[in-house]
Amino acid sequence: METIVVLTGPTAVGKTYYSIGMAHALNGEIVSCDSMQIYRGMDIGSAKPSKEERKGIPHHMIDIVHPKESFSVAKYQTMAKEAIGDILERGKLPLVTGGTGLYLNALLYHMDFGPIPTNQEYREELFQLLEEEGKEALYSRLQELDPASAERIHPNNVKRVIRALEAVEMGKEPLNDFSGVKEKTEDYKVILMGLTMERSKLYDRINRRVDLLMESGLAEEVRGLLDAGLTEDDISMKGIGYKELIDYYLGRCDLDTAVDQIKKNTRHYAKRQMTWFKRYEDLKWFHLEQYAGEEEALEDMIKWVKAKR
RNA sequence: GCCCAGAUAGCUCAGUAGGUAGAGCAGGGGACUGAAAAUCCCCGUGUCCUUGGUUCAAUUCCGAGUCUGGGCA
């Protein structure tokens, strides 16, 4: 079985630097695992590595979708697996890097998303029901049609309730229960690594990075996307950094408030990511504050991968 | 110097007709099947500024002090 390396960790922890360093040392190519970097034109806010930062290392799964288009885990799974297969075929090491937990699961586990795509018309019908009769009505409909899913989903989690209802409507049978044991993928052997640091230090880094993104022109990027016809209803614009600046441009708050919100939401996001990663039992954590410098940490990571292969 | 207002959770404040107190935010924990940077769930003990007094009982009422705002000189 072929081997892939996964490097994950919360936002702003420094994944980019280490991924590129490892790719260099291990003859690898990077497969991004990030739900925002897939969008073209959303560069600053998603902290995409620049051409210079990439140092000639090929990056896959970046800039693959127009921000008006809809995307999904299922699509990610298919495309990322293709990219990985291609890299392996060329005799190089795939280095999956990013912090989108669900996308990572789609690669790490045997997750068959099945033949149930989205159904926009039915979703709209359900939104109609939601507006007219409230989320209780949605939920009781799910209890009736798919009691097992209703058991798993909280009534307030409208988005999931709608998706489950959609599955019943489209598939005429309920979604599988994945909540129990997850089988690891048989496609490849995975070396799973995570970067972390003390929470307060990570939060400091996040706050500083948001200021840096603003200096790099995040506000102008958002302005440009709005001018290009994107709106707050586009899913791509619900990313952190984008939605808050839209509030500013729509006059709902001043710029300082928007920036503070970006920082806060990024901190919350990092926390949620950590919750997700804690579930991976075989993940090797690298605590970055324990190293004298970046080079030393990078060396240790490379050593670890070489020992594992 | 005088007058007024305030002092309660990390922050902003509410409240107790006297029986040691609770919201929002921040923060923490968790969930996660086609929107996932999304969406959702759970978590609140702190010298109620200090000190005298009244009282069975004071964070609450009264007096003094300290600090912070604002006003007048």
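The values are calculated or read from the model by the stated rules, or taken from the named source; none is laboratory data. Worth saying up front: this structure is predicted, and the values here are computed from it rather than measured. Positions of Cβ are backbone-derived with ideal geometry, glycine not excepted, and every protein chain shown enters the neighbour counts. Only protein heavy atoms, including side chains, enter the accessible area calculation; ligands, DNA and RNA are left aside. Shrake-Rupley method; radii C 1.70, N 1.55, O 1.52, S 1.80 Å.
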For the stretch A:213-262, dividing by residue count, accessible area per residue (probe 1.4 Å) in Å² works out to 51 Å²
Using each residue's phi in the stretch A:127-136, evaluate 6.51 cos²θ - 1.76 cosθ + 1.60 at θ = phi - 60° and report the 3J(HN,Hα) Karplus result to the nearest Hz, with x for Gly and Pro.
4, 4, 4, 4, 5, 7, 10, x, 6, 5
How large, in Å, is the stretch A:37-154 by the Kirkwood hydrodynamic radius built from its alpha-carbon pairs?
17.6 Å
Contour minus Cα-Cα distance for A:ASP260 and A:GLU89 (0.36 nm per residue):
57.0 nm
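Starting from the Cα gyration tensor of the stretch A:165-287, take the square roots of the eigenvalues, sort them a ≥ b ≥ c, and report rounded, prolate or oblate (rounded when a/c is under 1.5, otherwise prolate if a/b is larger than b/c, else oblate).
On the way: a/c = 2.63, a/b = 1.33, b/c = 1.97.
Since a/c reaches 1.5 but b/c is at least a/b, the shape of the stretch A:165-287 is classed as oblate.
Report the calculated FRET efficiency for A:ARG208 and A:GLU186 (r = Cβ-Cβ distance, R0 = 41 Å), to the nearest 0.05.
On the way: r = 42 Å, r/R0 = 1.03.
The formula returns an efficiency of 0.45 here.
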Label-point separation in nm, A:SER216 to A:ALA25, each point 7 Å along Cα→Cβ:
2.4 nm
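Applying 1/(1 + (r/R0)^6) with R0 = 25 Å to the Cβ-Cβ distance of A:THR275 and A:GLN120, what FRET efficiency is obtained, to the nearest 0.05? If you can, show how the numbers build up before the last one.
On the way: r = 31 Å, r/R0 = 1.24.
After rounding to 0.05, the efficiency reads 0.20.
Only Lys, Arg, Asp and Glu count, each charged at its Cβ (+1, +1, -1, -1), so figure out the dipole size of chain A about its Cα centre, rounded to 20 debye.
The dipole of chain A has a size of about 1100 debye.
Return the carbon/sulfur percentage of the accessible area of chain A, one whole number, probe 1.4 Å, all protein chains in place. Mind dumping the intermediate values first?
Working: 7980 of 16360 Å².
Carbon-and-sulfur percentage of accessible area, whole number: 49.
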Simple spin-label model, 7 Å along Cα-to-Cβ: A:ASP282 to A:ALA307 in nm?
1.7 nm
In units of 2.2 N^0.38 Å, the Cα radius of gyration of chain A is 1.06
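Antiparallel as a % of all DSSP beta bridges within chain A, to the nearest 5? Could the numbers behind the result be given before it?
Numbers: 1 of 22 bridges.
Of the beta bridges lying entirely in chain A, close to 5 percent run antiparallel.
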